[in-house]
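We did not get these values from a lab; they are worked out from the coordinates using the rules stated. Quick caveat, the model's predicted, so the values are computed rather than measured. A quick note on method: Cβ atoms are made from the backbone with ideal geometry, for glycine too, and the neighbour counts reach across all protein chains shown.
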Amino acid sequence: MLKGESTIRVRYGETDQMGVVNNANYPSYYEIGRTELLREYGISYKQIEEKGCMLPLVDLYVKYHKPAFYDDVLTISTSIKEMPSSKIRFDYRIYNQEGTLINEGYTNLAFLNSGTRRPVRIPDFLKELLSPHF
């Protein structure tokens, strides 16, 4: 299993008039979590794309437990629990600065050949990088 954490501070523009984070921002927080997780394990989205692979979002699940507010410091805990095959699933748990779980969810992304835009299995370079963790 791969696991990592990212920390962000809620910006004013991510909130409504009451200072509550708009629900539409959580998928962006998930993106921060997954890009930083991959970077932590030695590869960036940019490098993956340069090697001819794209990762489009296939599905997204979000569960809201408690609100986050302007200026909160959030910890995004991101994990990959299973070795990817033709898709890669990222699981997320977001905590506020008190350590309270406020949100959780997951995303599935497909592997596509960037030249043909056709689905492919996990590229060998990524499989070699991730397989020691499963």
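For the reader, a short list of remarks on this structure follows.
- Tyr61 more than 16 Å from Lys3 (Cα to Cα), loosely packed, with under 13 Cβ neighbours inside 10 Å and of a type in the set (Phe, Trp, Tyr): yes
- Where strands (runs of 3 or more DSSP E) sit wholly within the stretch 70-134, those with at least 1 residues that are of a type in the set (Asp, Glu) and farther than 19 Å from Met54 by Cβ occupy 87-95, 101-110.
- Filtered residues of the stretch 47-69 (kept if under 16 Å from the mean Cα position of the chain (by Cα) and either part of a loop (DSSP other than H, G, I, E, B) or in contact (Cβ under 8 Å) with a residue 60 or more places away in the chain (or both)): Ile48, Met54, Leu55, Pro56
- Looking across the stretch 21-46 at every residue that is assigned to a helix (DSSP H, G or I) and aromatic (Phe, Trp, Tyr), the one that is surrounded by the fewest Cβ atoms within 10 Å (Cβ to Cβ) is identified as Tyr45.
- Residue list for the stretch 65-86, filter: surrounded by fewer than 16 Cβ atoms within 10 Å (Cβ to Cβ) and either of a type in the set (Gly, Ala, Ser) or more than 22 Å from Asn25 (Cα to Cα) (or both): Lys81, Glu82, Met83, Ser85, Ser86
- Failed item in (1) hydrophobic (A, V, I, L, M, F, W, C); (2) assigned to a helix (DSSP H, G or I); (3) out of contact with any helix residue (DSSP H, G or I) (no Cβ under 8 Å at 6 or more places or on another chain), with Met18 passing the rest: (2)
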